[in-house]
């Protein structure tokens with residue numbers, strides 16, 4: 001059985017509005033590009049109390065034509081396709097962050113080991129070498 005695809009919460013109101021107002025994917029995409037809110041679609045489509053208003057699909061088309069100067073978007077994607085692309089992009093970003101964090105951890109660990117193993121270039125002793133020298137001096141003074 002196929003696993004049900006997860007749709008982020010920010011896309012659910014658009015899917016509900018598409019079903020409730022019987023809009024096409026193109027109308028939903030145009031409304032999103034115009035910055036319309038799916039929660040306000042009821043007031044945009046109130047033709048019973050305000051019969052002078054255009055039907056919602058025609059209203060969205062008119063506003064899109066006015067704003068962008070073209071009738072439809074160049075590429076029409078369904079909300080499910082947009083949601084899938086969004087989820088895939090977030091997963092890729094998460095993997096990239098994990099790789100960079102792992103790379104930083106290995107770089108810092110290797111940097112620490114190289115700092116403790118090598119002596120400074122100016123000929124001074126490292127902290128570990130000086131502690132060993134002090135302990136050996138104390139042992140010799142006791143004898």
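Quick notes on this structure:
- If you wrap the tightest convex hull around every Cα atom of the stretch 9-97 and split its volume per residue, you get 104 Å³.
- Cβ crowding within 10 Å averaged over residues, with 63-76, 16-29 ranked highest first: 16-29, 63-76
- Counting every other Cβ atom within 10 Å of each residue's Cβ, 48, 106 order from fewest to most as 48, 106.
- Fully extended contour minus Cα-Cα distance, from residue 111 to residue 80, at 0.36 nm per residue: 6.5 nm
- Once the chain from residue 16 to residue 66 is taken as fully extended at 0.36 nm per residue, the excess over their C-alpha distance is 15.4 nm.
- Amide N of the stretch 40-80 lying under 20 Å from the label point, which is placed 7 angstrom from the Cα of residue 92 along Cα→Cβ: 75-80
Bear in mind these aren't lab numbers, they're just calculated from the coordinates by the rules spelled out. What you see is a predicted model; the values in this text were computed from it and never measured. Neighbour counts run over all protein chains shown; Cβ positions are idealised from the backbone, glycine included.
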